[in-house]
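Report on one structure; see the data block that follows.
The values are calculated or read from the model by the stated rules, or taken from the named source; none is laboratory data. What you see is a predicted model; the values in this text were computed from it and never measured. All Cβ positions, even for glycine, are placed from backbone atoms using ideal geometry, and neighbour counts span all protein chains on display.
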Amino acid sequence: MMNLRHIEVFHAVYVNGTVSGAARALNVSQPSISKVLRHAEIRLGFPLFERAKGRLTATEEAHALFREVDEIYGRVGSLQQTAKNIRRGGEGRIRLAVLPGFGLSVAPQAVARFRKERPNVSFDIQTLHHADILRTLTERECDLAIGYEPPKHPRLAHTQIGSGELVLMFRKQDLPDAPPRLSLRVLEGREFVSLAHSGPMGNLFNNEVARQNLSLQESITIQTLYTAAPLVRQGMGMAVVDDFTARACLDPELDYRPLDPPVRFGVHCIYLADRPLPRLMQPFIRVLSQFTTETVAKPPTDRPPLRVIGAR
């Protein structure tokens, strides 16, 4: 079957479309590319390219192989980058996956602070949903995932870096005199954007609705929490989201209040239990924890401090 050299040459020819282009990309001679390509086809037992007028056209078999080859090629590139970082000693690369709401503000701030102190560290950042955390870690697409609640799985370990709470987001014109906290009962008889199917946040919300025996009528259900803000802005109703998302989406038209009683959740760094975190990751987790705590502690900048209206 194909070895790594076959994969490298096949990838270069497929991407560049010609032997000469592949030779330039790999900085080798054209005869060398042709020889390796022919050897790969012999090993596979079928042609990868049709040759006509000096140009190669990928066969159906080549198209079928390319997705797998492209993934392997990318992993080899990642391996080479890791080896290079180890050789350089003080440098490194952190592959980070974050929930969208956390990725709107806290994660970028933490990355910026960390790179200011360690400018030779590079980052690969992606966003993901809660349901993708286990797969993304086990398939080694990231080294560290940030989730609001860690999935329960024997292969995963986690470190809590802070906490947050659910809040009610609304247009200021709809609740001009909102108190410091709002009960979910304010949603009764109103349209609202529901996160009922959005992982652990949806579970928290559903449990609180059941505990209070509320009768609510959702108008729109969302999977990604930051999509709530434009829907609320368009008058589609109020929305219950996490406070990280609410803070990042705040603008002159929107406001939010935490729930009464509070509905809180943990923020966790999640990683593979059988793969100890590199030393570089520990100081980054401390920076993440610092920004998570600071974000929750400080009042939003787009509105004045809340004053208590009436007695409870």
Report task. For the stretch 143-157, indicate whether the set of residues that are β-branched (Val, Ile, Thr), loosely packed, with under 15 Cβ neighbours inside 10 Å and in the same structural domain as GLY103 (by TED's automatic domain parsing) is non-empty. Result -> no
Query raised in the report: How many residues are at pLDDT below 90 and at positive phi if we restrict to the stretch 28-55?
Result: 2
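Is it fair to say GLY189 is of a type outside the set (Phe, Trp, Tyr), touching a Lys or Arg at 6+ places or on another chain (Cβ under 9 Å), part of a loop (DSSP other than H, G, I, E, B) and at positive phi? Talk me through it step by step, then tell me what you get.
On the way: of a type outside the set (Phe, Trp, Tyr): yes; touching a Lys or Arg at 6+ places or on another chain (Cβ under 9 Å): no; part of a loop (DSSP other than H, G, I, E, B): yes; at positive phi: yes.
Answer is no for this residue.
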Requested in this report: Filter the stretch 158-177 for residues that are buried (at least 21 other Cβ atoms within 10 Å of the Cβ) and either over 23 Å from the mean Cα position of the chain (by Cα) or not in a strand (DSSP E or B) (or both) and give the result.
Outcome: LEU168, PHE170
Query raised in the report: Does the stretch 222-230 include one or more residues that are loosely packed, with under 15 Cβ neighbours inside 10 Å, closer than 24 Å to SER105 by Cα, in contact with a His (Cβ under 8 Å, 6 or more places away or on another chain) and touching a residue at least 24 places away in the same chain (Cβ under 8 Å)?
Result: yes
Requested in this report: Check LEU187, LEU272, LEU277 and return the single one that is farther than 30 Å from GLU117 by Cβ and touching a Leu at 6+ places or on another chain (Cβ under 8 Å).
Outcome: LEU187
Requested in this report: Answer yes or no as to whether ILE222 is at pLDDT 95 or above and over 21 Å from LYS298 (Cβ atoms).
Outcome: no
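Got at least one residue in the stretch 211-229 being over 16 Å from MET169 (Cβ atoms) and assigned to a helix (DSSP H, G or I)?
yes
Which residue out of GLU141, GLU149 is among the acidic types (Asp, Glu) and either part of a strand (DSSP E or B) or under 18 Å from PRO276 (Cα atoms) (or both)?
Matching residue, one of GLU141, GLU149: GLU141.
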